[in-house]
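Quick notes on the structure that follows.
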Amino acid sequence: MHIRPLYAGWHAGQWRMPSFIASHCSLGRAPALPVAASHAPTGVAGVALAAALALALAGCASAPSPTPTPAAKPVAAATPPTASPTTAATPPQASPDADHTAGFAQWLSSFSAQALEAGIRPATVRDVLGKAQWQPRVVELDRAQPEFTRTPWAYLDSAVSPQRIAQGQAQLAAHGAALQAAAARYGVPASVITAIWGMESNYGSNFGTFRTVDALATLAYEGRRRAWAQTELLAALRIIDQGDIAADRMIGSWAGAMGHTQFLPSVFLAYAVDADGDGHRDIWGSVPDVTASTAHFLARSGWKSGEPWGAEVQLPPTFDHARADPAVRQTMAQWESEGLRSIDGAPLPDMAGASIVTPAGARGPAFLVGNNFRTILRYNNSVNYALGVALLARRIDGGGPVAAPWPRDIEPLSRAQLQALQEALNRKGFAAGTPDGVMGPATRAGLRGYQRSLGTVADGYPTLELLQKLQAP
């Protein structure tokens, strides 16, 4: 579950921070617990924190533990919540290579007072938040940008690799009882739950090495997304407060996503489930809790039991590729009347309000997707990610690979090239939005307009050939 999309549209699987779609940590490395923080803030910060805690303890010594407030249901799991706590002392924009120890300690003292006001127990503020450590590596990762966008086929080659398919089938066999129990309870297929597990942490082999409180405190201090990070930091403290996990076991990605299926703390509060009945919602060590929590999120996000996510289809020769868009939703009867057919000749799946997805434009495979595909997008708002989950689940279930070939001869554009394409589109009167090297809906619409002016297929897929034409005198 990731932080923010590079392009929350339908042709990309990259992220503004390297991903999930690299916002979560890369797969394939064994998890390791970082060295635990062992010192409290000192100096002015320590005195201020001690004073705040003393006042709080005097007024709250006999108060019961606060009841955690469930987080609001997110519009998209990949999108930071807009709600935020009162802003703490506002530090200047941080640089990862500077020494921020003193400034971070001062900010921590100020935010500790906010945490107490928000109902976090004084002991948690003192022993957990008070020992949070500045992590310059988190800032580096937060600001990193991929040089090249990743093609859909390159992404899916990795996401649905033979090794991941085999591992998913092995996990389904090994943990069949927990997975089938979650499937029966929430109506989400066990293969889909398993696929998300594989996509998020490679079946638990890597869910990150950062202490979540350290990572979120660093993001809350460093200046780019303070309001969002403060909200998630308070949520993480509430999780510790209510006893679901100890602070030293709350491990995850640099962006605050936690455990086997990378829940953000606010999502954990709203959707995590204690399926094994031990009194703790443990998405770090309990497979029953992991699988049930993931299925619960999907069910609450709109998953329709018994309905497929979609199918690979063959488009009619006259299909207008500008209609391969999430805003264009039709019934199966309407699509069939236009000549749309399943790639294998089978009847089209029964889905209401289905859309066409062409991740690689007119030259690549096409998919007809419905409500459950859009529900997967609530987990991570990238079409490549959702396709990865859907196709991996199909392979785990014994289904076949994508039938139509990918246009592997098309090279990805760099961010600089995408920015140049946007600038050229704007100069020629095809509004592409702010030139930022990020392929979004405005850029896609502008590119389609330019393609129409050339009399070519308006699929909105950026290529080097189109860039060269735009830049030609």
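The values are calculated or read from the model by the stated rules, or taken from the named source; none is laboratory data. Predicted model only: the values in this text are computed from it and were never measured. Using ideal geometry, Cβ is built from the backbone for each residue, glycine included, and neighbour counts are taken over all protein chains shown.
Counting the residues of region 389-402 that are part of a helix (DSSP H, G or I) and out of contact with any Phe, Trp or Tyr (no Cβ under 7 Å at 6 or more places or on another chain) gives 7.
A residue that is more than 17 Å from residue 472 (Cβ to Cβ), part of a helix (DSSP H, G or I) and in contact with a strand residue (DSSP E or B) (Cβ under 9 Å, 6 or more places away or on another chain) cannot be found anywhere in region 438-448.
Within region 117-176, being in a loop (DSSP other than H, G, I, E, B) and of a type in the set (A, V, I, L, M, F, W, C) holds for 118, 120, 128, 132, 134, 144, 160.
Among residues that are outside any helix (DSSP H, G or I) and either at positive phi or crowded, with 23+ Cβ neighbours inside 10 Å (or both), residue 254 is included. Checking each residue in region 183-198 for being outside any loop (DSSP other than H, G, I, E, B), touching a Leu at 6+ places or on another chain (Cβ under 7 Å) and buried (at least 24 other Cβ atoms within 10 Å of the Cβ) picks out 193, 194, 195, 198. Here residue 362 fulfils each of the conditions (1) under 28 Å from residue 405 (Cβ atoms); (2) aliphatic (A, V, I, L, M); (3) within 24 Å of the chain's Cα centre (by Cα) apart from (3). For residue 435, the test of being surrounded by 16 or more Cβ atoms within 10 Å (Cβ to Cβ) and at pLDDT below 95 is failed.
Scoring residue 322 on the criteria (1) more than 14 Å from residue 459 (Cα to Cα); (2) outside any loop (DSSP other than H, G, I, E, B) leaves a single failure, condition (1). Of all residues in region 333-364, those satisfying the criterion of being crowded, with 20+ Cβ neighbours inside 10 Å, among the aliphatic types (A, V, I, L, M) and outside any loop (DSSP other than H, G, I, E, B) are 354, 356, 357.
Within region 373-383, the set of residues being surrounded by 24 or more Cβ atoms within 10 Å (Cβ to Cβ) and of a type outside the set (Phe, Trp, Tyr) comprises 376, 380, 382, 383. Close Cβ contacts (under 6 Å, 6 or more residues apart or on different chains) running from residues in region 347-365 that are more than 16 Å from residue 318 (Cα to Cα) and at pLDDT below 95 to residues that are of a type in the set (Gly, Ala, Ser) and not in a loop (DSSP other than H, G, I, E, B) comprise 348/342; 349/311. Would you call residue 430 surrounded by 17 or more Cβ atoms within 10 Å (Cβ to Cβ) and not in a helix (DSSP H, G or I)? Judged against the criteria, residue 430 is a match. For region 110-125, the criterion of being surrounded by fewer than 19 Cβ atoms within 10 Å (Cβ to Cβ), touching a strand residue (DSSP E or B) at 6+ places or on another chain (Cβ under 6 Å) and at pLDDT 50 or above is met by none of the residues. Scanning region 407-417 for any residue that is of a type in the set (Val, Ile, Thr) and either in contact with a strand residue (DSSP E or B) (Cβ under 9 Å, 6 or more places away or on another chain) or not in a helix (DSSP H, G or I) (or both) turns up at least one such residue. Please indicate, with yes or no, whether at least one residue in region 207-222 is modelled with pLDDT under 95 and more than 24 Å from residue 175 (Cα to Cα). For region 207-222, residues modelled with pLDDT under 95 and more than 24 Å from residue 175 (Cα to Cα): present.
Restricting 281, 211 to residues that are under 21 Å from residue 105 (Cβ atoms), crowded, with 21+ Cβ neighbours inside 10 Å and basic (Lys, Arg) narrows the list to 211.
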